[in-house]
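**Student:** This structure is in structure tokens; I'll ask about it shortly.
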Amino acid sequence: MPLDLGAKGSCQIGGNVATNAGGLRLLRYGSLHGTVLGLEVVLADGQVLDCLSTLRKDNTGYDLKQLFIGSEGTLGVITAVSILCPRKPKSVNVVFLGCETFDQLLKTFQLCKGMLGEILSAFEFLDSECMRLLNTHLKLANPISDCPFYIVIETSGSDSDHDSQKLHNFLEEAMTSLLVTDGTVATEESKIKTLWSMRERVTEALTHDGFTYKYDISLPVERIYQLVTDMRQHLGARARSVVGYGHVGDGNLHLNITSSAKDPALLASIEPFVYEWTARFQGSISAEHGLGLKKRNYIYYSKSRPTVAVMGKMKTLLDPKGILNPYKTLPDDLK
């Protein structure tokens, strides 16, 4: 399965397609817009739309399946999926590295892309605040020395000797260039799972820290951590924790803010500040999990009014009575 994400133990494939979930390996396998070959969808009037092709190429008219990928169930209910699955890699390595600055982390990413090339399957990051929550709430031990930033790199390929040599060359260059200060490598499945848990269980750790405000933002990669820094300065002591983690490989930041309890005053300080900041740098206010109920009225920070108007027309055409996942995605002024 080309999609892999922290919620894999409980999520459903239909929901993943409906929200166009990106996951941990979009860097290698691309988004669901590319890997979904076909869909079966039930429309609002009960018709079953059969677009369940398995062809790699099909240019006979409009590619209607794309309408439903990322539509959050507002245009139809996905009931079957055909998806392009790559061969399971024979050789998998995971590296956990520490960096002193986010600029060094970005330079490590550029070096990584250049030296690992076709075997690079994931490049994830978390900050020291994430690590603190993992240590405090889940009792997960930091596998390396304390650093301001941490990277999880995964390689996957077909030749373990070839992959190991490329990885060795990359790590030697990264250490020699002083881009990373410490690190560890895993090739055994149990240790690979341990290292991945440092990234995948951040969300779980946040639930133990208090009420969590979650933001799923995409930005030019050189800007993504600046939002975390600016949010910390903006909120000061009003927030318990402000953490950043996510997918450097596709510029997707997960910004999470916690407080001891739900706090309307804190929320008013976060929104619309977070959306205004994102719009200023031409980012997306919803990178991979949709707008849903809470964020639909902020859509104009990422989409133009003519674009949203066309979306509204599509909704009216396919769901004239508004019965499919109502009050989601589209803003109130289209109703």
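Values in this text are rule-based calculations from the coordinates and carry no lab data. This one's a predicted model, so the numbers in the text were calculated from it and none came from an experiment. Cβ coordinates were reconstructed from backbone atoms using ideal geometry, including for glycine residues, and neighbour counts include every protein chain displayed.
**Student:** If you place +1 on the Cβ of every Lys and Arg and -1 on the Cβ of every Asp and Glu, how big does the dipole about the Cα centre of the chain come out, in debye to the nearest 20?
**Tutor:** 860
**Student:** What is the total of Lys pairs in segment 172-309 with C-alpha atoms under 30 Å apart, excluding same-chain pairs fewer than 8 positions apart?
**Tutor:** Number of lysine pairs found: 11.
**Student:** Under the rule a/c < 1.5 gives rounded, and otherwise a/b versus b/c splits prolate from oblate, where does segment 13-83 land using the Cα gyration tensor?
**Tutor:** Oblate is the answer for segment 13-83, as a/c is 1.5 or above yet b/c matches or exceeds a/b.
**Student:** P(r) for segment 43-97, please, calculated from all Cα pair distances in 10 Å bins and given in %.
**Tutor:** 16, 38, 21, 17, 7, 0
**Student:** For an R0 of 25 angstrom, estimate the FRET efficiency from the Cβ-Cβ distance between residue 226 and residue 110 and round to the nearest 0.05.
**Tutor:** E between residue 226 and residue 110, to the nearest 0.05, is 0.90.
**Student:** Thinking of segment 1-122 as a set of Cα atoms, what percent of all their pairs are more than 23 Å apart?
**Tutor:** 43
**Student:** Over all directions, what mean area does the Cα convex hull of segment 132-201 project, stated in square nanometres?
**Tutor:** Directional mean of the projected Cα hull area for segment 132-201 stands at 5.2 nm².
**Student:** Note down the net charge around residue 80, summing +1 for each Lys or Arg and -1 for each Asp or Glu among other residues with Cβ under 13 Å from its Cβ.
**Tutor:** -1
**Student:** Something else now. Can you list residues from other chains, or at least 5 along the same chain, whose modelled amide H is less than 5 Å from the amide H of residue 79?
**Tutor:** Under 5 Å from the amide H of residue 79 lie the amide H atoms of 40, 41, 42, each far enough along the sequence or on another chain.
**Student:** Once phi is turned into ³J(HN,Hα) by the Karplus curve 6.51 cos²θ - 1.76 cosθ + 1.60 with θ = phi - 60°, what whole-Hz value does each residue of segment 288-302 show in order, with x for glycine and proline?
**Tutor:** In residue order, the calculated couplings are 8, 10, x, 9, x, 7, 7, 10, 4, 7, 9, 4, 5, 6, 10 Hz.
**Student:** Sticking with this one: Each label point is 7 Å from the Cα along the Cα-to-Cβ direction; what then is the distance between the points at residue 176 and residue 190, in nm?
**Tutor:** 3.5
**Student:** Follow-up. How many nm separate the modelled label positions at residue 82 and residue 327, each set 7 Å beyond the Cα in the direction of the Cβ?
**Tutor:** Taking the two extended label points, one gets 3.8 nm.
**Student:** Alpha carbon centre of segment 153-231 versus segment 114-129: separation in Å?
**Tutor:** 6
**Student:** Additional query: Taking just the alpha carbons, could you work out the radius of gyration and Dmax for segment 209-290, both in angstroms?
**Tutor:** 12.0, 34
**Student:** Turning to a different aspect of this structure: Which distance in Å, rounded to a whole number, links the C-alpha centroids of segment 83-98 and segment 10-67?
**Tutor:** Using only Cα atoms to place each centre, the spacing works out to 23 Å.
**Student:** Further question: Once you mark the GluC sites (Glu not before Pro) that are in a DSSP loop and have at most 16 other Cβ atoms within 10 Å, what is the longest gap between them in the chain?
**Tutor:** With a cap of 16 other Cβ atoms within 10 Å, the longest stretch comes to 189-335.
**Student:** Take the alpha carbon gyration tensor of segment 32-190, find the square roots of its eigenvalues, order them as a ≥ b ≥ c, and report rounded if a/c is under 1.5; if not, report prolate when a/b exceeds b/c, else oblate.
**Tutor:** prolate
**Student:** Here is a follow-up. Å³ per residue of the Cα convex hull, for the chain?
**Tutor:** Here the figure is 145 Å³ per residue.
**Student:** Now for a separate question. When N is the residue count of segment 55-138, what does its C-alpha Rg come to as a fraction of 2.2 N^0.38 Å?
**Tutor:** Normalised Cα radius of gyration, segment 55-138: 1.68.
**Student:** Any lysines with Cα under 17 Å of the residue 321 Cα? List them, leaving off those in the same chain fewer than 8 positions away.
**Tutor:** List returned: 313, 335.
**Student:** Please report the orientation-averaged projected area of segment 129-260, defined via the convex hull of its C-alpha atoms, in nm².
**Tutor:** 9.1
**Student:** Right, something else. Counting other C-beta atoms within 10 Å, which of 162, 289 has the fewest, and how do the rest follow?
**Tutor:** By the 10 Å Cβ count, ascending, the order reads 162, 289.
**Student:** Something else now. Could you give the length gained on full extension between residue 128 and residue 13, defined as 0.36 nm per residue of separation minus the Cα-Cα distance, in nm?
**Tutor:** Net length gain for the segment: 38.2 nm.
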